[in-house]
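The values are calculated or read from the model by the stated rules, or taken from the named source; none is laboratory data. What you are looking at is a predicted structure, and each value in this text was computed from that prediction instead of being measured. Cβ: placed from backbone, ideal geometry, glycine included. Neighbour counts: every protein chain shown. Protein only, heavy atoms only, side chains kept; ligands, DNA and RNA dropped before computing areas. Shrake-Rupley method; radii C 1.70, N 1.55, O 1.52, S 1.80 Å.
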2 protein chains.
Amino acid sequence: LEEFPIRTYRLALVGFGNVGEEFVRLLLAKDSVLQRDYGISWKLTGVASRRIGWVADANGLDPAAALDHRWPQPQATKKPAYVREWLAAAQADVLFEASSLDRRTGQPAIDHLQAALESGAHAISANKGPVVHAYRELRELAATRGRKFFFESSVMDGTPIFSMFPHCLPAVDLRGFRGILNSTTNVVLTEMEKGATLEAAVKRAQEIGVAETDPSDDLDGWDAAVKVAALAIVLMGAEIKLSDIEREGIRSLTPELVRAAHSAGMRYKLVCSAERTVNGVRARVRPEKLPMADPLAQLEGTTSAVRFDMDVFGLSIIEHKPGVIATAYGLLADFIRAVKS
Amino acid sequence: LEEFPIRTYRLALVGFGNVGEEFVRLLLAKDSVLQRDYGISWKLTGVASRRIGWVADANGLDPAAALDHRWPQPQATKKPAYVREWLAAAQADVLFEASSLDRRTGQPAIDHLQAALESGAHAISANKGPVVHAYRELRELAATRGRKFFFESSVMDGTPIFSMFPHCLPAVDLRGFRGILNSTTNVVLTEMEKGATLEAAVKRAQEIGVAETDPSDDLDGWDAAVKVAALAIVLMGAEIKLSDIEREGIRSLTPELVRAAHSAGMRYKLVCSAERTVNGVRARVRPEKLPMADPLAQLEGTTSAVRFDMDVFGLSIIEHKPGVIATAYGLLADFIRAVKS
């Protein structure tokens with residue numbers, strides 16, 4: 001229906017692990033759709049990671065060479081402040097932040113996003129740390145600079161949550177939510193139902209590429225707590241810190257407890273929830289024994305889900321067995337929204 | 001963050017049954033939120049139905065009086081062409097179409113929506129008939145006039161489906177969907193599992209206000225077929241007519257079949273589905289025997305759900321036990337999107 005003039009955007013990417021690489025592959029795969037349906041053309045002008053250093057070329061890096069880790073010149077890793085010089089060298093219109101997360105501080109991702117917004121670029125994060133530790137500051141900075149700070153992929157990969165509320169669910173009163181947002185514990189608990197010890201179950205989750213080498217963040221409920229905090233802060237306007245989340249991991253669950261529950265037609269799940277109370281938003285992460293009729297009890301493996309309770313109705317969103325491409329897609333969708341809205 | 005100048009919109013409503021009345025109540029309840037968060041003020045300037053006739057006052061009708069069915073003057077029902085004079089008398093900025101549906105033709109809803117767009121008003125429909133029978137024409141007319149044709153509440157009440165795809169899921173390749181979209185058959189099949197005959201189950205569904213006096217549209221799969229057609233046409237760009245939907249209702253299911261399935265850990269559901277094939281989109285409605293592990297098998301009563309299969313991941317949306325307020329909310333959300341985007 002509409003004719004768009006094609007505009008070319010210069011893209012810079014911090015973090016070039018699984019997500020960053022998959023994002024570049026997705027950009028290549030969707031190239032013609034972006035041009036045809038959105039008038040979007042793109043050039044990869046910056047790639048940075050601890051391993052690579054800070055690579056920038058405002059005329060465009062070759063994406064295929066980047067995926068092959070062939071860089072135009074050897075780059076030395078410099079101090080984080082270098083992000084500003086790198087953004088300038090890349091002449092970045094959009095920064096994508098997919099570096100590894102320090103959940104306690106949200107750094108260095110927050111610095112990267114702030115530098116991007118100050119340089120006049122849109123700032124798109126796959127990292128939930130900046131949302132939990134600096135949402136209001138980054139949002140205000142973005143508004144001041146007329147740019148966007150988006151982070152759809154930070155909590156549920158490509159599934160629309162943050163973009164859904166303002167656009168698709170305007171003027172609702174969100175009273176609370178409840179969901180399963182950590183896949184490692186989901187896989188571990190399923191293995192324990194089959195009889196595995198916690199250690200063996202974690203090993204299995206590591207083998208299928210779900211659990212990290214150090215699974216503490218997942219087992220102790222930290223990953224889930226950061227996600228609950230992000231949702232509560234953004235969707236419910238909660239004035240809440242990570243330390244305010246009531247948090248209980250799954251280490252206290254023995255195989256006996258898990259199997260006994262399963263025999264009784266129940267299932268343990270690490271449940272994330274938040275609700276509005278007279279004293280503000282109460283948010284928590286804890287193992288709960290759910291009846292099988294609870295839709296959350298049915299979730300297997302890496303499938304995640306969240307139910308939102310609003311004044312007008314209740315709505316659940318389930319993301320089925322997402323791969324890395326789902327996270328990469330969240331970055332792509334944010335990119336399109338940032339430049340087209 | 002943002003300051004809006006308040007603008008007042010004149011609203012006209014065709015159809016003043018359960019949905020129309022609930023919509024006016026919701027407008028009243030959300031009045032201050034609309035002003036504060038969206039800069040939207042409103043006046044009800046037109047109400048029309050077979051019973052009421054065509055009531056209009058550009059200075060505003062009293063919503064409380066309208067809910068009480070006290071009208072400024074007795075109105076005679078005039079011929080359908082009167083909609084244009086009525087829209088002019090109401091000076092309508094937005095028309096809401098919630099009249100009763102003729103699924104075979106989509107009329108008179110299509111005429112109402114067309115008249116609204118031609119008069120320069122946004123056209124918002126709770127009716128799926130116009131989507132199935134006149135989507136492309138109304139969309140083009142709306143684009144020509146710089147107005148919006150929205151219909152979020154026509155298939156899944158307030159649940160965001162049509163608004164979700166362009167905004168929240170840009171550039172995806174939607175390969176197919178699968179869902180339960182008719183609540184009458186869902187309630188009837190649950191009653192039959194408990195041992196009721198089809199007739200008794202329908203009576204029960206009528207008692208709880210789910211089934212119509214004449215339940216044929218539901219039992220024969222027509223209601224579901226219209227919904228499948230609407231989703232396939234809008235979301236998948238299918239060149240499809242209502243008569244192209246493969247349709248089988250639930251009349252062939254005996255209580256014995258339903259109970260035998262249930263005893264075997266399975267459940268009959270009236271499943272709506274569509275998939276992209278080399279010969280275009282294939283869409284159908286038919287009873288399917290689902291294993292209990294299928295999330296669709298878990299749905300009870302009026303809860304509806306649909307799963308979308310995309311190239312980047314799979315996503316399910318569940319609407320939990322929606323009331324009339326959910327449909328009214330769909331109209332409200334469309335109103336906000338129409339005037340603010």
**Request:** Considering every residue within region B:306-313, establish whether at least one is more than 19 Å from residue B:230 (Cα to Cα) and either open to solvent by less than 20 Å² (accessible area, probe 1.4 Å) or at the interface with chain A (Cβ under 7 Å from one of its Cβ atoms) (or both).
**Result:** yes
**Asked** Which pairs do you get when a residue that is under 15 Å from residue B:11 (Cα atoms) and within 12 Å of chain A (Cβ to nearest Cβ), found in region B:31-44, comes within reach of a residue that is of a type in the set (Phe, Trp, Tyr) and not in a helix (DSSP H, G or I), reach meaning Cβ atoms under 9 angstrom, with the pair 6+ apart or on two chains?
**Response** B:31/B:42; B:34/B:42; B:40/B:4; B:40/B:9
**Prompt:** Counting just the residues of region B:136-145 that are within 12 Å of another protein chain (Cβ to nearest Cβ) and over 19 Å from residue B:106 (Cα atoms), which one comes out most open to solvent (accessible area, probe 1.4 Å)?
**Reply:** B:144
**Fill in**
Scanning region B:24-66 for residues that are open to solvent by less than 10 Å² (accessible area, probe 1.4 Å) and among the polar types (S, T, N, Q) gives B:45
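Taking the condition within 23 Å of the chain's Cα centre (by Cα) and among the β-branched types (Val, Ile, Thr), does residue B:24 pass? Please lay out each step first, then the result.
Numbers: within 23 Å of the chain's Cα centre (by Cα): yes; among the β-branched types (Val, Ile, Thr): yes.
Against the criterion (within 23 Å of the chain's Cα centre (by Cα) and among the β-branched types (Val, Ile, Thr)), residue B:24 qualifies.
Okay, residues lined up against (1) of a type in the set (Lys, Arg); (2) out of contact with any Asp or Glu (no Cβ under 8 Å at 6 or more places or on another chain):
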{"position": "A:130", "(1), (2)": "no, no"}
{"position": "A:136", "(1), (2)": "yes, yes"}
{"position": "A:140", "(1), (2)": "no, yes"}
{"position": "A:144", "(1), (2)": "no, yes"}
{"position": "A:147", "(1), (2)": "yes, yes"}
{"position": "A:151", "(1), (2)": "no, no"}
{"position": "A:159", "(1), (2)": "no, no"}
{"position": "A:163", "(1), (2)": "no, no"}
{"position": "A:173", "(1), (2)": "no, no"}
**Prompt:** Can you pull out the residues in region B:197-217 that are closer than 19 Å to residue B:101 by Cα, open to solvent by less than 40 Å² (accessible area, probe 1.4 Å) and not in a loop (DSSP other than H, G, I, E, B)?
**Reply:** B:216
**Item:** Residues of region A:117-135 that turn out to be within 14 Å of chain B (Cβ to nearest Cβ) and assigned to a helix (DSSP H, G or I), as a count
**Value:** 1
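Select, from A:227, A:194, the only residue that is within 16 Å of residue A:318 (Cα to Cα) and more than 14 Å from chain B (Cβ to nearest Cβ).
A:227
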**Selection within region B:101-135 - surrounded by fewer than 24 Cβ atoms within 10 Å (Cβ to Cβ), in contact with a strand residue (DSSP E or B) (Cβ under 9 Å, 6 or more places away or on another chain) and of a type in the set (Gly, Ala, Ser)** = B:119
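Collect the residues in region B:74-96 that are exposed (fewer than 12 other Cβ atoms within 10 Å of the Cβ) and modelled with pLDDT of 70 or more, keeping them in residue-number order. Outline the logic, then answer.
Taking region B:74-96 as the starting set, the residues that turn out to be exposed (fewer than 12 other Cβ atoms within 10 Å of the Cβ) are B:74, B:76, B:79, B:81.
Those that are exposed (fewer than 12 other Cβ atoms within 10 Å of the Cβ) and modelled with pLDDT of 70 or more: none in region B:74-96.
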**Request:** Please give the number of the condition residue B:295 fails out of (1) open to solvent by 10 Å² or more (accessible area, probe 1.4 Å); (2) within 14 Å of chain A (Cβ to nearest Cβ); (3) under 19 Å from the mean Cα position of the chain (by Cα); (4) not charged (D, E, K, R).
**Result:** (3)
**Prompt:** Looking only at residues in region A:147-186 that are in a loop (DSSP other than H, G, I, E, B) and more than 12 Å from every other protein chain (Cβ to nearest Cβ), which one is surrounded by the most Cβ atoms within 10 Å (Cβ to Cβ)?
**Reply:** A:182
**Residue, most open to solvent (accessible area, probe 1.4 Å), within region B:318-337, restricted to residues that are touching a Ser or Thr at 6+ places or on another chain (Cβ under 7 Å) and part of a loop (DSSP other than H, G, I, E, B)** = B:321
**Request:** Mind listing just one residue for me: the one in region B:3-15 that is in contact with a strand residue (DSSP E or B) (Cβ under 7 Å, 6 or more places away or on another chain) and surrounded by fewer than 23 Cβ atoms within 10 Å (Cβ to Cβ) and, of those, farthest from the other protein chains (Cβ to nearest Cβ)?
**Result:** B:10
